[in-house]
Amino acid sequence: MGASHRRHRRRRLAAALTTAGLLFGTAACGSGSDAADSGNPNTLEVWTRSGPDSAATYERVFAAFTKKTGIKIDYQPVPNFDQQLQSRASTKDLPDVMINDTALMGSYQRQGLLKPIAPDSIAGHGQITDKSWSSTVGLDGKHYGIPYSRQAFTLMVRKDWREKLGLPQPKTWQDMLTLAKAFATRDPDGDGKKDTYGMVVPGSAQNGYVTWWGASYLWQGGAQIIKPDGDGGYKPAMDSAAAVRTVTWLKKNLFCGDNGVIQPGGLTSVTATATNFQDGNAGMYLTGPYNIVTFDDALGKDKYEVLPAPAGPAGSTVLADGENIYFGARTGKARQEKTLAAFLISPEGQRLAMTGKNQPVVRIPVNSTLDAAKVRDDARWSVVQKAYENASQQFPNAPDFAPVKQDTADSLNALFTYCGSDVRSGLKELNDTLAGDLKDQDLLK
C-alpha cells in the first residue's frame, strides 16, 4: 500500500471512529421520553433526502397516511441528509423514521443509528420479495430496514439521432462504442457543427460518483470490487484479471481517446453537472430511471429510448439501488412507525409515490402485486423493472460500503485522468487499500 493511501486510510478511520462513537452514544441514550418528541406521541418525525419536487410527492403520500390513520407526520425533506443527521445525533435526538439509500444501511447500523426490525411485524411484509428483503440484512443477520423503492440502471439513447444515422440499438459494448463515436463525429443534430458527444459520464471521484457509474461496467466485465469470503467476511477483488481488462477497456475507449466519446469535463462531473443528455448535446447515458421525468420534460418522450444495458464479456448486469425505510434507534413510537411502514409498502402507498405531477419517489415498486409499467401506463418502465428483477446487482450493504466506494472512485478517477498510468499496478494498490478498509471493519479474515 502506498504511503499516501496509508495516511488517507488512517485519517478516514479516525474520522469514522469519532463519528461512530458519537452516533452510537446517541443511539444508546435515545431521546428521552415521548414528551421530547415534538410534544406529541402521535406525531412521527420523518426525514427523506429530497429536493423540492420529490418532497412534494412525499407530502402527498404522508397527507394520505394521516387522513387514513390519524397519525401526524412532521416531515423534513433534507437534501444534506448525512451532515444534518450527524448534527441531530450530537443533540441525542434522532428522527423517528428515515427514508434513504439502501447502500447506507451498513454504515448507519455500524454506527448504532438503527433499530432492528422483524419483517413479520410489518403488515404486508409478504408482498415484498426475498430479493428486496435481502438488502436489509446486517452483518449480524438481523434486518435493519424495510424496502421502499428499487431501481436499476438502463441505457438512455437519443432515438432520433440513432435512427437518423441508420444505426441499430446497441446490444454489446462494441455496439455502444460504435454508436457513441457516431454521435460524436457524424453531426446527428444536423447543425453542421462538431458540438455533440457520445455519452454522458458523471466521472468525478467526489462522493464516489465514478464508482457508482462504473460498477455496472465492472460487473459486465466479470469483475467485483469486494466479495464475500465464505466465512462471514469480505475480501478485496480489484486486482483480478477481469478488473484489469475492464478498467483498461474503459480507459482506452472512453477516457483516453480524442474521439469525443464522453462529454468535456466528464472526470470532474457529478450528476448535478452532467446535464448534457437533457441539454441535447450527448447521445447516451447509463443512469437510473429517476431521470425519465427530467428527460421527458427536457427532450420529449419521442426523442429518446430506454434500453437494457449493452452486454460486456460477462453479461449485462447493472447497478441496482433504491431506498429503505429506517427506524431511528429510539423508543416509544414502535406502533406508529410500523403503521407508517405498512402504509408505505402497501399498494395504495406505493401507487401514490409512483404517480402524480411531481418526481416519483418510488421507481420500481417493492410491493410485488404492482407492475411499474401498468401503474404509470408507460412501457418504458417495464425495461427498468426487468433490469432490476433479472440483471441487477446491489453494492454490498451489510458492511459500511462508503469507504470502499470512495477509495475505488479515487483510484478509478486517477487511472482515467492520467492516460499514461499503469492500470495493473494502480488496481493492485487499490486492492491493498480496500483490504485496509475491510480490516478496519473486522471483515478481513
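The values are calculated or read from the model by the stated rules, or taken from the named source; none is laboratory data. Given the structure is predicted, the values throughout are model-derived calculations rather than measurements. Reconstructed Cβ throughout: ideal geometry from the backbone, glycine too, with neighbour counts over all protein chains shown. SASA here: full protein model, heavy atoms, side chains in, ligands and nucleic acids out. Shrake-Rupley method; radii C 1.70, N 1.55, O 1.52, S 1.80 Å.
Being under 16 Å from the mean Cα position of the chain (by Cα) and at pLDDT 95 or above is the requirement here; does Trp212 meet it? Yes; evaluated as a whole, the condition is true for this residue. Residue pairs whose Cβ atoms lie under 7 Å apart, sitting 6 or more positions apart in sequence or on different chains, and linking a residue in the range 105-117 that is farther than 16 Å from Val46 by Cβ to a partner that is of a type in the set (Val, Ile, Thr) and open to solvent by 10 Å² or more (accessible area, probe 1.4 Å), are Gln111/Thr19. Checked against the criteria, Asn367 counts as assigned by the TED database to the domain that holds Thr136 and either surrounded by fewer than 16 Cβ atoms within 10 Å (Cβ to Cβ) or in contact with a helix residue (DSSP H, G or I) (Cβ under 6 Å, 6 or more places away or on another chain) (or both).
The rows are residues; the columns are (1) farther than 29 Å from Asp101 by Cβ; (2) of a type in the set (A, V, I, L, M, F, W, C); (3) part of a helix (DSSP H, G or I); (4) in the same structural domain as Asp258 (by the TED database).
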site	(1), (2), (3), (4)
Asp140	no, no, no, no
Arg162	yes, no, yes, yes
Pro168	yes, no, no, yes
Gln174	yes, no, yes, yes
Leu179	yes, yes, yes, yes
Phe183	yes, yes, yes, yes
Lys193	yes, no, no, yes
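Residues that are small (Gly, Ala, Ser) and under 20 Å from the mean Cα position of the chain (by Cα) were ranked within the range 306-345; the one that is nearest to Ala223 (Cα to Cα) is Ser316. When you scan the range 252-271, do you find a residue that is farther than 25 Å from Leu427 by Cβ, buried (at least 23 other Cβ atoms within 10 Å of the Cβ) and modelled with pLDDT of 95 or more, even just one? There is at least one residue in the range 252-271 that is farther than 25 Å from Leu427 by Cβ, buried (at least 23 other Cβ atoms within 10 Å of the Cβ) and modelled with pLDDT of 95 or more. Is it the case that the range 322-335 has a residue that's touching a residue at least 24 places away in the same chain (Cβ under 8 Å), of a type in the set (Val, Ile, Thr) and within 16 Å of Ser382 (Cβ to Cβ)? Checked the range 322-335: no residue is touching a residue at least 24 places away in the same chain (Cβ under 8 Å), of a type in the set (Val, Ile, Thr) and within 16 Å of Ser382 (Cβ to Cβ). Would you confirm whether any residue within the range 229-245 is surrounded by fewer than 19 Cβ atoms within 10 Å (Cβ to Cβ) and under 30 Å from Lys357 (Cα atoms)? Looking through the range 229-245, none of the residues is surrounded by fewer than 19 Cβ atoms within 10 Å (Cβ to Cβ) and under 30 Å from Lys357 (Cα atoms).
Quick check on the range 30-43. Is at least one of its residues out of contact with any Ser or Thr (no Cβ under 6 Å at 6 or more places or on another chain), closer than 21 Å to Arg335 by Cα and modelled with pLDDT of 90 or more? Scanning the range 30-43, I find at least one residue that is out of contact with any Ser or Thr (no Cβ under 6 Å at 6 or more places or on another chain), closer than 21 Å to Arg335 by Cα and modelled with pLDDT of 90 or more, so the answer is yes.
Summed over the range 46-94, residues that are surrounded by fewer than 19 Cβ atoms within 10 Å (Cβ to Cβ), basic (Lys, Arg) and either within 23 Å of Met105 (Cβ to Cβ) or within 20 Å of the chain's Cα centre (by Cα) (or both) total 1. Can you pull out every residue in the range 45-63 that is basic (Lys, Arg) and in a helix (DSSP H, G or I)? Within the range 45-63, Arg60 is the sole residue that qualifies. In this entry, Ala334 passes the filter for residues that are surrounded by fewer than 18 Cβ atoms within 10 Å (Cβ to Cβ) and closer than 22 Å to Gly106 by Cα. Picking from residues in the range 418-436 that are among the hydrophobic types (A, V, I, L, M, F, W, C) and closer than 19 Å to Lys235 by Cβ, the one that is most open to solvent (accessible area, probe 1.4 Å) is Ala435.
Among the residues of this structure, Gln109 counts as one that is at pLDDT below 95 and outside any loop (DSSP other than H, G, I, E, B). So is Asp187 free of Cβ contacts under 8 Å to residues at least 60 places away in the same chain, acidic (Asp, Glu), open to solvent by less than 50 Å² (accessible area, probe 1.4 Å) and over 30 Å from Pro399 (Cα atoms) or not? Against the criterion (free of Cβ contacts under 8 Å to residues at least 60 places away in the same chain, acidic (Asp, Glu), open to solvent by less than 50 Å² (accessible area, probe 1.4 Å) and over 30 Å from Pro399 (Cα atoms)), Asp187 qualifies.
Results for (1) within 22 Å of Tyr290 (Cβ to Cβ); (2) among the β-branched types (Val, Ile, Thr), shown as yes or no for each residue.
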site	(1), (2)
Thr43	no, yes
Ser54	yes, no
Ile73	no, yes
Asn80	yes, no
Gln84	yes, no
Leu94	no, no
Asn100	yes, no
Leu113	no, no
Ile117	no, yes
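All told, Thr275 falls short of being of a type in the set (Ser, Thr, Tyr), open to solvent by 10 Å² or more (accessible area, probe 1.4 Å) and either farther than 16 Å from Met156 by Cβ or not assigned by the TED database to the domain that holds Thr185 (or both).
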